[in-house]
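First the structure, in the form of structure tokens, and then the observations on it.
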Amino acid sequence: MRVKMCGMQTLAAARAAEAAGADYIGFIFAQGSRRYAAPETAHEIAREMQRVKKVGVFVDAPMAEVNRIADAVGLDYVQLHGHETAEMARMAERPVIKAYRYGDDFDAEAANVYPAEIILVDSYVKGAAGGTGLAFHWQEAAREIARVTKPVLIAGGITAANVREAVETFHPFGIDVSGGLEEDGVKSKAKITAFMEAVCALR
Ligand SMILES: O=C(O)c1ccccc1NCC(=O)[C@H](O)[C@H](O)COP(=O)(O)O
């Protein structure tokens, strides 16, 4: 079970995520997010990482900008978290993680033919692209999400307290977490460690 820890803004948080055993860390390049990371900052953090894969999160950004930032930062994946078309995804120069919001644009058939390596299913909250800290209706969604034939990351409101239920409900490729690692809106080393302990207890 893979773990993606998203919304990294400091070297300390990224080091804690890597040391705890995260498989992916994410940087938010969506202007307006409180978790926005400037590409220069993300690059400084990324170059210190040894093993963890670096993901850049974009919302309806021009693909030229996505590719430019991916090069500048040294990203391993780009996460398209808006309403990007398949044509846009084909222009990506990195493997794509395509995010859908359950209750908005999620559609298993569309996800299966979208040119992405990994599908991420997040919560839908009107007016927010992601990082809401809210879970969607897992029991209702499970059968539909099971029809996705690609690796699936489940996101939205996951914490150390409910990650077992998420895994037992979806049996996903992996879990994506951001707010569940924060204390007063800032990534917490203690919460990062506690989250991975909860995941390791499932393995
Ligand atoms: O985190 C953000 O601020 C954000 C803003 C705009 C688009 C995407 C964003 N986050 C993407 C992620 O992959 C988050 O980890 C995911 O939405 C789950 O967040 P949370 O519910 O806080 O665990």
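In nanometres, what is the gap between the two model label sites at Leu202 and Glu117, each 7 Å from Cα along Cα-to-Cβ?
2.2 nm
When the expected Rg is taken as 2.2 N^0.38 Å, what fraction or multiple of it is the alpha-carbon Rg of the chain? Each step should come with its number before you reach the end.
Working: Rg = 15.4 Å, N = 203, 2.2 N^0.38 = 16.6 Å.
Normalised Rg, Cα atoms only: 0.93.
Which one of Gly130, Gly157, Gly32 has the biggest mean-square fluctuation once the chain is modelled by GNM with Cα springs under 10 Å?
Sorting by GNM fluctuation, first place goes to Gly32.
For Ile175, what residues show an amide H to amide H distance below 5 Å, using hydrogens built from the backbone and excluding near sequence neighbours?
Arg2, Val3, Lys4, Ile154
At R0 = 41 Å, how high is the FRET efficiency between Arg47 and Glu109 if r is their beta carbon distance? Nearest 0.05 is fine.
Working: r = 40 Å, r/R0 = 0.97.
My answer for the efficiency is 0.55.
Using a Förster distance of 22 angstrom, determine the FRET efficiency expected from the C-beta separation of Arg68 and Asp23, and round it to 0.05.
Plugging the Cβ-Cβ distance into 1/(1 + (r/R0)^6) gives 0.30.
Sketch the reach of a paramagnetic label on Arg2 as a point 7 Å from Cα along Cα-to-Cβ, and name the residues of segment 155-191 whose backbone nitrogen lies under 20 Å away.
The answer is 155-159, 163-164, 166-181.
Enumerate the calculated ³J(HN,Hα) couplings along segment 63-80 in order (Karplus 6.51 cos²θ - 1.76 cosθ + 1.60, θ = phi - 60°), each rounded to whole Hz, writing x wherever the residue is Gly or Pro.
For segment 63-80, the Karplus-derived couplings read 5, 4, 5, 4, 5, 5, 5, 4, 5, 5, 8, x, 6, 9, 9, 10, 9, 9 Hz, x marking Gly and Pro.
With the crude spin-label approximation of a point 7 Å out along Cα→Cβ, what separation in nm comes out for Arg164 versus Arg90?
Computed distance between label sites Arg164 and Arg90 equals 4.7 nm.
Net charge near Met49, counting Lys/Arg +1 and Asp/Glu -1 over other residues with Cβ under 9 Å of its Cβ? Before the final figure, lay out the partial values.
Working: positive: Arg15, Arg47, Arg51, Lys53, Lys54; negative: Glu18, Glu48.
Net of charged neighbours comes to +3.
Within the chain, which is the longest segment containing none of the GluC sites (Glu not before Pro) that sit in a DSSP loop and have at most 15 other Cβ atoms within 10 Å?
Answer from the scan: 118-203.
What are the residues whose amide H is under 5 Å from the amide H of Gly103, where those residues sit 5 or more places off or on another chain and H is modelled from the backbone?
Correct list: empty.
For Gly133, list long-range residues whose amide hydrogen, built 1.01 Å from N in the peptide plane, is under 5 Å from its own amide hydrogen.
Gly157, Gly179
Please compute the net charge surrounding Pro115, taking Lys and Arg as +1 and Asp and Glu as -1 over other residues with Cβ under 11 Å from its Cβ. Each step should come with its number before you reach the end.
Numbers: positive: Arg90, Lys98, Lys150; negative: Glu84, Glu87, Glu117.
Local net charge: 0.
Applying 1/(1 + (r/R0)^6) with R0 = 30 Å to the Cβ-Cβ distance of Lys189 and Leu134, what FRET efficiency is obtained, to the nearest 0.05?
FRET efficiency, Lys189 to Leu134: 0.80.
How big is the dipole moment of the chain about its Cα centre under a simple scheme where the beta carbon of each Lys and Arg is +1, that of each Asp and Glu is -1, and everything else is neutral? Debye, nearest 20, please.
About 440 debye.
Every number here is computed from the coordinates shown, using simple stated rules; none is lab data. Treat the numbers as computed from the prediction; the structure is a model and nothing was measured. All Cβ positions, glycine included, derive from the backbone under ideal geometry; neighbour counts span all protein chains shown.
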